[in-house]
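A short worksheet on the structure shown next.
Laboratory data are not the source of any read-out in this text; all were calculated from the coordinates shown. Please read these numbers as outputs of a predicted model, since none were measured by experiment. Positions of Cβ are generated from backbone atoms using ideal geometry, with glycine treated the same way; all protein chains shown enter the neighbour counts.
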Amino acid sequence: MIDIHAHMGRMGRERYPATVSLTAHQLVDRMNREGIDIAVLLPLESPEGSWGYLLTEEVVAARNEYPERLIAFLCVDPRYPLAGDFIDYYVRNHDCRGFGEHVNGLAFDDPLNMVLYRKCDEHGLPLVFEISKQAYCHDDVGLPRLERCLREFPNVQWCGHGPGFWAAISGDDDGRPGYPSGPVTPGGAIDRLMERYDNLWLDLSAYSGYNAMTRDPEFTHGFVQRHWRKMLLGTDIVFPNAKLPILTWLRELDVSDEVRQAIGDGNARRLLKLAPDSTARA
């Protein structure tokens, strides 16, 4: 399996030292126990984006310790004056394969964010983003700001994540923050955008992805059948003892082996331009 969305480092700083940091060694050990072959490490470099910071340099150093197990993405806050140069440098000199986790307090299509997207488009990078309605990379009902970016930057492979993104699976999404429960109404923005744009992918990580996949199992069955070729397994692991229910969900999902393998591994390999898994079932 490939985890498209992993973190490490000093999260939970307000609870230091009671909250234990997740080291690269602990992350790889957890991967071994869960059957995860490769994880994409995502820095966090915006003050609104986490309970701490995970710098791109730290991600690169961890990848260098475990080059067969970890893939480094880069991230930079859009308010950093040298953000464009930063992206160029880490792509060209440190083999960073994508951008994210993109999570900051600006609107999704704020001009400063658009500068980052333009650079990612130039390099053809995957971009893992979070939308959290009123807090992070915020968008409006129906995700029009995201749609503008999907259209304007076709070389970016956009990987959607977060409660504001996944709430839009339902046609009755009203823009309120949180994790909606209960039946999913057809006509949600995610279905519409997936049909229109080939450069949108679905990051299943964290409670937001798990909630979207489990709140209405009947709807989920059809949703998976429509979009399994663009669905990406992710955990959003942050702490050593984190619960990872999405792994159980995938193992128990009532789908063919082909679909399960694509969500767990094959789609990420296409996205990241990795060689096929030689051990995967044909």
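Filtering Gly164, Gly175, Gly142, Gly171 for residues that are out of contact with any helix residue (DSSP H, G or I) (no Cβ under 6 Å at 6 or more places or on another chain), of a type outside the set (A, V, I, L, M), crowded, with 16+ Cβ neighbours inside 10 Å and free of Cβ contacts under 8 Å to residues at least 60 places away in the same chain leaves a single hit, Gly164.
Take Ile263 and decide whether it is under 18 Å from Leu27 (Cβ atoms) and touching a residue at least 40 places away in the same chain (Cβ under 8 Å).
The answer is no for Ile263.
Candidates are the residues of the range 191-205 that are in a helix (DSSP H, G or I) and touching a strand residue (DSSP E or B) at 6+ places or on another chain (Cβ under 7 Å); the one that is nearest to Pro144 (Cα to Cα) is Leu193. Ser46 passes every criterion in (1) under 17 Å from Ala242 (Cβ atoms); (2) small (Gly, Ala, Ser); (3) assigned to a loop (DSSP other than H, G, I, E, B) apart from (1).
Among the residues making up the range 241-271, those that are closer than 12 Å to Ile2 by Cβ and surrounded by fewer than 17 Cβ atoms within 10 Å (Cβ to Cβ) are Arg269, Arg270. One residue stands out in the range 31-62 among those that are among the charged types (D, E, K, R) and touching a strand residue (DSSP E or B) at 6+ places or on another chain (Cβ under 7 Å): the one that is surrounded by the fewest Cβ atoms within 10 Å (Cβ to Cβ), namely Asp37. Is at least one residue of the range 210-228 in contact with a Phe, Trp or Tyr (Cβ under 6 Å, 6 or more places away or on another chain), charged (D, E, K, R) and either assigned to a helix (DSSP H, G or I) or in contact (Cβ under 8 Å) with a residue 60 or more places away in the chain (or both)? No, there is no match, as no residue in the range 210-228 is in contact with a Phe, Trp or Tyr (Cβ under 6 Å, 6 or more places away or on another chain), charged (D, E, K, R) and either assigned to a helix (DSSP H, G or I) or in contact (Cβ under 8 Å) with a residue 60 or more places away in the chain (or both). Note on the range 82-112: residues that are in contact (Cβ under 8 Å) with a residue 40 or more places away in the chain and in a loop (DSSP other than H, G, I, E, B) amount to 8. In this structure, does Arg226 turn out to be within 23 Å of Tyr117 (Cα to Cα) and either in contact with a Pro (Cβ under 7 Å, 6 or more places away or on another chain) or surrounded by fewer than 18 Cβ atoms within 10 Å (Cβ to Cβ) (or both)? So Arg226 does not fit the description; no.
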